[in-house]
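The block underneath contains the structure these notes are about, expressed in structure tokens.
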Amino acid sequence: MKSAVAIGGASALAACLDRSPGAIPTGADDLSALPERQHAWNDALAVDDAGNALNARHHLLLLLDYTGDGTPSQSDRETVESALRSLERAYERSNEGLLFTLGYSRAYFDRFDAAPAGVDLPRPEALAPFEDPDADTPDAVLHLASDRGDALLGAEEALRGNKSEANDVETTSWDGVFSVADRRTGFVGDGLPAEHDDVSGVPEGAVDEDSPLYMGFKSGFRGAQATEDRVTIESGPFAGGATQHASYIELNLDQWYEQDSRYQRVAKMFCPAHAENDRVEGVGENLGASSAVGACDDPEKAAREQGVVGHSQKMEGVREDGSPLILRRDFDSTDGGRAGLHFVSLQREIGEFVETREAMNGTDAAENSAVGQRNNNGILQYMNVVSRGNYLLPPRSRRALPEAEP
Amino acid sequence: MNRRRFLAAAGAASTAGLAGCLDALGFGRQSSAYAPPLIEDRPNAVYYPTHVEGMKSFGMATDGPYTCALTYSYPHRFWLVTGTRTNKVTIRSEDSIHVMPVVWHEETGIVPPAANPSVEFALPDGEESVPSVSPWPMISQPMGVHFGDNVAIPRNGDYTATVTVAFGSSKRTGALADAPDSAAFEFEFTYLAERVDTIPYRTLDNAGEHGAVEPHDMAVPTNQLAPEPDLPGTLLASGTSGDAAVPVVAVDDAARFGSRESDSYLAASPRTPYNRFPLPMASVSARATAGGDVVHDGALTATLDPDLGYHYGAPVSETPDSVTISFDAPPQVARHEGYETAFLDMPPVRTN
């Protein structure tokens, strides 16, 4: 079933409100206590029994074009800030209310003929020889997240100016300043992928009803995520911000579910040793707070001797002082009537995302072993990267149409 | 009676176009299997499959130095390989064809085996969803190395298909080294389900016996390797492993393999028996000595060379007089019937 968030608009919101389980908590009138880091969501999210932060269940990415020519005006800046503040008053800043970040692309900073000061923000490009993604070049991207689909739709209607209140609180719009170039939607969390399996790219009835993601396994283990501190820009005018990568990936899971065995799925997602020793139960709840890939061989050895290398196994080596480099906030999607993944990640520098993604390519394993470019090479066989975008999430105090060198 | 039982009853009927007559008899394509039961007690070696099918093509296209033929046949059962385990993939009721993009380098006729292509089908209205597939690298007795997967084409009609492929993970030499890393091919064709049923199909009397059917006489290269006596260089070893033939040669002048002209080059060329198809995507290593000195001890690199074809090699400072070739992981290429029990348990091959 297509979700109300995927459909969007006033009628979807109305339908959603009819079915809604109860009141959404409103925000505080005094916004001064809100964190300077837009991306500081972990303290505002629920956690599971193992202490892993649970990403909000519904997501909306609005790709935005600034309607003005050249550099933004002060009045447009005030319009944007005022609209965002009204949302912060309308919804509690949590998974039960509304979480959001607003980021800006290199294309936006071109308006100032400059790159953002002190930030590694290259233009998006292909990151594997077998991909040919479109480069997303909106000026900005707004990422909205909530366990409540009606909160996302209410916020969107308010920003677009279709409504002047959200969650019974008065709001202001940024209509006339931003136009929506693209609207992307999705979900993550136990049961949601199985509920949305009537799209191409995933066989109906194949996804475990407990799985938070289409591929049938948990991810986002605490031990495999960077901390928010680790992804935060430390100095310069954008200190307190972070960079964001957002790609859209089509999933082809017919082979995954109809041709691969459970052994192969566990070997390719985690590592062959996990498959050999039945270490993963169901969707992987038994793994606790990490994917336990410490118990896997190193990826080159597995590739040479077992002819297959797991996705988590490849990612394990991408660490600095023991910490992963990126913080994943990804979610699945039915956009375009097919199973997909919006891979949203946060990192201090885009280069750290690129380094992580290069490890996922498993190029060394492919060149030096039985593992192919995609064959038995983690989960590369099942994904097609359609688009990539890179953004700067400024600190909250500079989130409204910032200058490149403020 | 379904197609499978009909075929079993038909036994040795070697009839081209048999499948076409099945439709006339009312055997709906959607409800029947395309393959007779597997032979019991299959040998752990290359064997004649239960049946052989012909193939058809949706057309050919070129991109730079590469050509692609988008071929198809009946849906197939095949086996995926992970480590030394095989996993049989059965035909789904909705599968309509086995699609096989065959991509080769025109100048050398070489089929790069280690890339995984994508095939996107589309109907002109763009409304109906048509599956895109990422066919697996696989080997079959009639076709050798190709890419293939079963796919459900939703209905008869005019289609476009885009095949994209990247050749990243094998080292390439000579004219192949200068060729681009990726290619894309566009096809337009009319799909008619009834045309699939006119593809020749015959069952084999000698199914299960050691041996292999002849390669198709095709308009596309089958990538057969040179017979052992015709391999360049000095033959160092000639053994078998897991029913694969494994000639090992040393050739003079390792320059085109990224080393010095004064070095020689050690190459292992594992291939299927009978048809001499390369066995890609294995982890192969070698220990080689010359006059008692170790000249190589470690992995061999999967390489595409215009003269040697697909092989595993390494430059060595001196031509070895003794060599041991080990298979750390067997070829991870998917297998069609007749190849799925071979090339899995692969002991070392040594100089005689």
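The values are calculated or read from the model by the stated rules, or taken from the named source; none is laboratory data. Quick caveat, the model's predicted, so the values are computed rather than measured. Here Cβ is always computed from backbone atoms with ideal geometry, including for glycine, and neighbour counts include all displayed protein chains.
For the stretch A:179-195, the condition of being out of contact with any Asp or Glu (no Cβ under 6 Å at 6 or more places or on another chain), outside any helix (DSSP H, G or I), farther than 23 Å from residue A:346 by Cα and among the polar types (S, T, N, Q) holds for none of the residues.
When the stretch B:174-198 is limited to residues that are surrounded by fewer than 20 Cβ atoms within 10 Å (Cβ to Cβ) and assigned to a loop (DSSP other than H, G, I, E, B), the one that is nearest to the chain's Cα centre (by Cα) turns out to be B:181. Sort out which residues of the stretch B:90-117 are surrounded by fewer than 22 Cβ atoms within 10 Å (Cβ to Cβ) and part of a strand (DSSP E or B), and write them in order of number. Once the filter is applied, which keeps residues that are surrounded by fewer than 22 Cβ atoms within 10 Å (Cβ to Cβ) and part of a strand (DSSP E or B), the stretch B:90-117 yields only B:104. List the pairs whose first member sits in the stretch A:19-43 and is hydroxyl-bearing (Ser, Thr, Tyr), whose second member is at pLDDT 95 or above and in a helix (DSSP H, G or I), and whose Cβ atoms are under 6 Å apart, counting only residues at least 6 apart or on separate chains? Close Cβ pairs (under 6 Å, with a partner that is at pLDDT 95 or above and in a helix (DSSP H, G or I)) amount to A:20/A:150. Of all the residues that make up the stretch A:329-357, how many are surrounded by fewer than 24 Cβ atoms within 10 Å (Cβ to Cβ), under 14 Å from residue A:390 (Cα atoms) and β-branched (Val, Ile, Thr)? Of the residues in that region, 2 qualify. Taking (1) part of a loop (DSSP other than H, G, I, E, B); (2) more than 10 Å from chain A (Cβ to nearest Cβ); (3) in contact with a Leu (Cβ under 8 Å, 6 or more places away or on another chain) in turn, residue B:130 satisfies each apart from (2). The residue of the stretch A:363-381 that is nearest to residue A:341 (Cα to Cα), among those that are more than 7 Å from every other protein chain (Cβ to nearest Cβ) and surrounded by fewer than 24 Cβ atoms within 10 Å (Cβ to Cβ), is A:379. Of all residues in the stretch A:341-362, none are part of a helix (DSSP H, G or I), within 14 Å of another protein chain (Cβ to nearest Cβ) and farther than 28 Å from residue A:230 by Cα. Highlighted here are the strands (runs of 3 or more DSSP E) found entirely within the stretch B:245-352 that include at least 2 residues which are away from every other protein chain (no Cβ under 14 Å): B:264-268, B:283-290, B:293-299, B:309-316, B:322-329. Quickly run through the stretch A:122-156 and pick out the residues that are away from chain B (no Cβ under 14 Å), assigned to a loop (DSSP other than H, G, I, E, B) and acidic (Asp, Glu). Selection gives A:125, A:136, A:139, A:147.
The residue that is surrounded by the fewest Cβ atoms within 10 Å (Cβ to Cβ), among those in the stretch B:263-304 that are farther than 24 Å from residue B:210 by Cα and of a type in the set (D, E, K, R), is B:293. May I ask you to list the residues in the stretch A:9-59 that are surrounded by fewer than 20 Cβ atoms within 10 Å (Cβ to Cβ) and within 20 Å of residue A:185 (Cα to Cα)? Selection gives A:9, A:10, A:11, A:14, A:15, A:17, A:19, A:20, A:45, A:54.
Here residue A:246 fulfils each of the conditions (1) in contact (Cβ under 8 Å) with a residue 12 or more places away in the chain; (2) surrounded by fewer than 20 Cβ atoms within 10 Å (Cβ to Cβ); (3) under 18 Å from residue A:101 (Cα atoms) apart from (2).
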